[in-house]
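The values are calculated or read from the model by the stated rules, or taken from the named source; none is laboratory data. Model, not experiment: these values are computed from the prediction. We place every Cβ from the backbone using ideal geometry, glycine too, and count neighbours over all the protein chains shown. In case anyone asks, the SASA skips ligands and DNA or RNA and just uses the protein heavy atoms, side chains included. Shrake-Rupley method; radii C 1.70, N 1.55, O 1.52, S 1.80 Å.
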Amino acid sequence: MRAPTFDLTLLRTLVAIADTGSVTAAAKRLAYTQSTVSMQLQRLEAQLELSLHEREGRRLRFTPEGERLLAHARRLLALNDEAFSDMQARQVTGDLVLGIPEDYASLLPSVFAYFHQLYPAVGLTVICGTSAHLVEQVKAAEIDLALVTRQRNSPGGDVIRREPLLWAVGINQQPLLSDPIPLALYSPGADVFREVAEQALQAAGRDWRVAYTSQSMAGLAPIVTAGLAVVVVTRSMLTPSLRPLDESSGLPALPTIELALHRAPHRPTEPARRLGELIREQLAAIGEAL
């Protein structure tokens, strides 16, 4: 009797759904149609005679059996990718440095894990800093890639995602929104969020005061959650402890920002090119899922 085996293509589809959060986004990552992704998931369920997923509105949630299979799938694919890379005549090797603001690092954990699975011989270093500083570093060829908020005074880069900015307050507590409005802002020069917020309030004739400053959202979040200030975030930066304000708040609308991928001026290395492609795919997938 022949032992049953898994189809790695089906398992890769399962992992793509988990990483991107939806069938639509997984289809985009894998260059499949949505119906193909759905069909492959159904084939896995039919093979195992188990339900691996259930729907929650537009999003998909794995059942406990689906979560168990997902853990096995990641290990099997990692071993497959490691073996394939080892047997390739031209293995991708080298060192690679990516710069990214701390607040955007949470967008890419699945990219880092997948990149390591595909290219275990590449030494990836990730450094965090302000967008403005990272742009200067990549221009000076001190780092290979930088994913940053596109700067108004130094645009450049390859725009790979656009996100509207939002005013946000604590989920349970918020300050009075009368003038002067208390703001939790990034430190001067840390990013464009502060500049955009101040310009929007000034144009609307509103007064404000700086209640707290930090170079990252991790530093701003406590005072916002406590209901002592308003903060500016992108939709992907919202956490369960934050609530976005709508137009009924009386605060002015904020513009859209652009996330750009900057590359060092020399010809990109093969590791840099491949990581850049994965980052582009992941951010496009997240946009579909939001």
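Do we have any residue at all in region 100-110 that's at pLDDT 90 or above, among the aliphatic types (A, V, I, L, M), open to solvent by less than 60 Å² (accessible area, probe 1.4 Å) and on the phi < 0 side of the Ramachandran plot?
The answer is yes, given that some residue of region 100-110 is at pLDDT 90 or above, among the aliphatic types (A, V, I, L, M), open to solvent by less than 60 Å² (accessible area, probe 1.4 Å) and on the phi < 0 side of the Ramachandran plot.
Taking residue 207, is it farther than 28 Å from residue 96 by Cα, touching a residue at least 12 places away in the same chain (Cβ under 8 Å), surrounded by fewer than 17 Cβ atoms within 10 Å (Cβ to Cβ) and of a type in the set (Asp, Glu)? Even if it seems obvious, please write down each step before you answer.
Numbers: farther than 28 Å from residue 96 by Cα: yes; touching a residue at least 12 places away in the same chain (Cβ under 8 Å): yes; surrounded by fewer than 17 Cβ atoms within 10 Å (Cβ to Cβ): yes; of a type in the set (Asp, Glu): yes.
Yes, satisfied.
Where in region 113-200 are the strands (runs of 3 or more DSSP E), entirely inside, with at least 2 residues that are more than 18 Å from residue 211 (Cβ to Cβ)? Please lay out each step first, then the result.
On the way: elements: 122-128, 145-149, 158-170, 181-186.
Ranges flagged: 122-128, 145-149, 158-170.
Listed here are the residues, each with its yes/no results for (1) at pLDDT 90 or above; (2) within 30 Å of residue 263 (Cβ to Cβ).
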| residue | (1), (2) |
| --- | --- |
| 8 | yes, no |
| 26 | no, yes |
| 34 | no, no |
| 62 | yes, no |
| 82 | no, yes |
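Kindly establish whether residue 103 is more than 20 Å from residue 16 (Cβ to Cβ) and either part of a helix (DSSP H, G or I) or without any contact (Cβ under 8 Å) to a residue 12 or more places away in the chain (or both).
When the stated conditions are applied, residue 103 passes them.
Within region 223-238, can you find the residues that are of a type in the set (Gly, Ala, Ser) and either within 16 Å of residue 163 (Cα to Cα) or surrounded by fewer than 17 Cβ atoms within 10 Å (Cβ to Cβ) (or both)?
226, 227, 236
Residue 219: part of a loop (DSSP other than H, G, I, E, B) and out of contact with any Asp or Glu (no Cβ under 8 Å at 6 or more places or on another chain), yes or no? Talk me through it step by step, then tell me what you get.
Values: part of a loop (DSSP other than H, G, I, E, B): no; out of contact with any Asp or Glu (no Cβ under 8 Å at 6 or more places or on another chain): yes.
When the stated conditions are applied, residue 219 does not pass them.
Among residues belonging to region 183-193 that are closer than 16 Å to residue 221 by Cβ and open to solvent by 10 Å² or more (accessible area, probe 1.4 Å), point out the one that is modelled with the lowest pLDDT.
191
Being out of contact with any strand residue (DSSP E or B) (no Cβ under 9 Å at 6 or more places or on another chain) and within 14 Å of residue 7 (Cβ to Cβ) is true for just one of 50, 69, 44. Which residue is that?
When all the criteria are applied, what remains is 44.
Within region 74-88, is even one residue surrounded by fewer than 12 Cβ atoms within 10 Å (Cβ to Cβ) and acidic (Asp, Glu)?
Yes, region 74-88 contains at least one residue that is surrounded by fewer than 12 Cβ atoms within 10 Å (Cβ to Cβ) and acidic (Asp, Glu).
Only residues that are of a type in the set (Lys, Arg) and either closer than 20 Å to residue 169 by Cβ or loosely packed, with under 14 Cβ neighbours inside 10 Å (or both): list them for region 239-287, please.
243, 267
Please list, ordered by first then second residue, the pairs with beta carbon atoms under 9 Å, 6 or more apart or interchain, first in region 18-45 and at positive phi, second part of a helix (DSSP H, G or I) and at pLDDT below 85.
Correct list of pairs: 21/285; 21/286; 21/288; 21/289.
Out of 138, 122, 111, which single residue is in contact with a Ser or Thr (Cβ under 7 Å, 6 or more places away or on another chain) and touching a residue at least 40 places away in the same chain (Cβ under 8 Å)?
Working: 138 fails: in contact with a Ser or Thr (Cβ under 7 Å, 6 or more places away or on another chain); 111 fails: in contact with a Ser or Thr (Cβ under 7 Å, 6 or more places away or on another chain).
It is 122.
Kindly indicate the residue of region 47-67 that is under 18 Å from residue 20 (Cα atoms) and open to solvent by 90 Å² or more (accessible area, probe 1.4 Å) and also nearest to the chain's Cα centre (by Cα) among those meeting that condition.
Here is the first cut: in region 47-67, the residues under 18 Å from residue 20 (Cα atoms) are 52-63, 66-67.
From the residues that got through so far, the ones that are open to solvent by 90 Å² or more (accessible area, probe 1.4 Å) too are 55-56, 58-59, 61, 67.
Working: 55: 23, 56: 22, 58: 19, 59: 17, 61: 19, 67: 22 Å.
Top of the filtered list is 59.
Going by the structure shown, is residue 253 more than 19 Å from the chain's Cα centre (by Cα), in a strand (DSSP E or B), on the phi < 0 side of the Ramachandran plot and touching a residue at least 24 places away in the same chain (Cβ under 8 Å)?
no
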